[in-house]
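The values are calculated or read from the model by the stated rules, or taken from the named source; none is laboratory data. Predicted model, so just to flag it, every value in this text is computed and none were measured. All Cβ positions, glycine included, derive from the backbone under ideal geometry; neighbour counts span all protein chains shown. All accessible areas refer to the heavy atoms of the entire protein, side chains included, with ligands and DNA or RNA removed. Shrake-Rupley method; radii C 1.70, N 1.55, O 1.52, S 1.80 Å.
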Amino acid sequence: MTSTDAPGIAALSPRLPSPLQEAVDDRFERHGVRLLLKRDDLIHPELVGNKWRKLAPNLAAADGRAVVTFGGAYSNHLRATAAAGRLLGLSTVGVVRGQELAGRPLNPSLARCAADGMRLHFVDRSTYRRKSDPGTLAAVLRAAGAEDAHIVPEGGSNAAAVRGCRALGEELDGHADVVALACGTGGTLAGLAAGLAPGRRALGIPVLKGGFLTGDIRRLQEEAFGGPRGAWSLDDRFHFGGYARTTPELESFAEDFEQRHGLPVERLYVAKMLYGLLLLTREGAFARGTTLAAVVTGRPFP
């Protein structure tokens, strides 16, 4: 039984494989590059994109238990987990980075989590950074009243999620030479690369500063598959200042792309990836005749 065949999960009726659409764009074509959009944002109306692929195996593993997970105040992962809990009748707890937020009105992202039934537990940023330490994690779970819950890591990236994302690469078999996506925690890229056919490669565009993802992706592949899988690389130039940050230049690019292709462009991940692909194309990073698939991992919120 696969993760998406598990009782309850399959009832959510995901659209798989997600659609693959051609984006006719002269900015790519003049360099001999064909651009395809892998519309993972259309998999499910509430568990959007790679959130479905990573959450489905983890929700199946929860087997009806409460789920506790982690994220910042604008976390797409927290919203998706909360929505899944509502749809499946699972109790969810979100451990939120930033104790100072506890006494403030909820922002729209956290308000959506609460409306979907997620119980929010705020922790200070120092504790949050140490959440992988067993003693710290145990203390956080006790304080949240979630000691018996099934734990899903920040961003949903663990071995089960990586194995779930392998299908993304398999769905693109025979369609693209290079597959690109924006990266937060690296789990989707780790699985995608494993699912690609020999001779194909995955390109990750990190949206956080720091250059730490290479080691994380290698560790995730080791945990999921026992060792490295597939060809992949990262380009760290397109984070635009870090997570949840944008610039007028990025905003202008995203608006133009929306007008050209009728695609609502999510700014924190998807816009950065598309911008990076255009610049790389102009730099000659892709040989003429390359078919490039850009994975649309989400859509704008709210």
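Of the residues G85, G284, G72, the one that moves most in a GNM of the chain with alpha-carbon contacts below 10 Å is G284.
Using +1 on the beta carbon of Lys and Arg, -1 on that of Asp and Glu, and nothing else charged, what's the dipole of the chain about the Cα centre, debye to 20?
Working: 37 positive and 32 negative charges, 85 e Å.
Using only the charged Cβ atoms, the result is roughly 400 debye.
In debye, nearest 20: dipole of region 1-149 around its Cα centre with unit charges on the Cβ of K, R (+) and D, E (-)?
Values: 21 positive and 15 negative charges, 65 e Å.
Once rounded to the nearest 20, the dipole reads 320 debye.
What is region 145-302 by shape, rounded, prolate or oblate, if you read a ≥ b ≥ c off the alpha carbon gyration tensor as root eigenvalues and call it rounded for a/c under 1.5, prolate for a/b larger than b/c, and oblate otherwise? Oblate, because a/c is 1.5 or more while a/b does not exceed b/c. Scoring 32-45, 115-128, 98-111 by mean Cβ neighbours within 10 Å over their residues and listing the highest first yields 32-45, 115-128, 98-111.
Heavy-atom accessible surface of the chain, averaged per residue, reaches 42 Å², computed with a 1.4 Å probe. Specify whether the C-alpha gyration tensor of region 1-122 places it in the rounded, prolate or oblate class, a ≥ b ≥ c being the square roots of the eigenvalues: rounded for a/c under 1.5, otherwise prolate if a/b is larger than b/c and oblate if not. Cα axes put region 1-122 in the oblate bin. Once the Cα atoms are used to define both axes, helix 50-62 deviates from the longest principal axis of the chain by about 30 degrees. Computed over protein heavy atoms with a 1.4 Å probe, the carbon and sulfur contribution to the accessible area of the chain reaches 49%. Can you compute the label reach from N107? Point 7 Å from Cα along the Cβ direction, backbone N cut-off under 20 Å, restricted to region 68-100. What the label zone holds, given the 20 Å backbone N cut-off, is 69-83, 93-100.
Show me the trypsin sites (Lys or Arg not before Pro) within region 165-263 that DSSP assigns to loop and that have at most 14 other Cβ atoms within 10 Å of their Cβ. Kindly include the intermediate steps, with their values, before the conclusion.
Values: sites: R166, R200, R201, K209, R218, R219, R229, R237, R245, R260; in loops: R200, K209, R229, R245.
For trypsin sites (Lys or Arg not before Pro) across region 165-263 that sit outside H, G, I, E and B with at most 14 neighbouring Cβ atoms in 10 Å, the list reads K209.
Rounded to the nearest 10 degrees, the inclination of helix 248-261 to the longest alpha-carbon principal axis of the chain is 70 degrees. The long axis of helix 159-171 is offset from the longest Cα principal axis of the chain by roughly 30 degrees. Just want to confirm a number: the relative contact order over the chain, from Cα pairs under 8 angstrom separated by 6+ residues, in percent. Computed over the chain, the figure is 21 percent.
If R0 is taken as 30 Å, the Cβ-Cβ distance between D148 and K209 corresponds to a FRET efficiency of 0.25. For D173, the accessible area of its heavy atoms, probed at 1.4 Å with every protein chain present, is near 90 square angstrom.
Distance from the Cα centroid of region 136-160 to that of region 182-216 is 24 Å (rounded to whole angstrom).
Taking a cut-off of 19 Å between Cα atoms, list the aspartates and glutamates near K51, but don't count ones fewer than 8 places away on the same chain. Within the straight-line limit of under 19 Å, K51 reaches these aspartates and glutamates: D5, D40, D41, D63, D116, E154, E170, E171, D216, E266.
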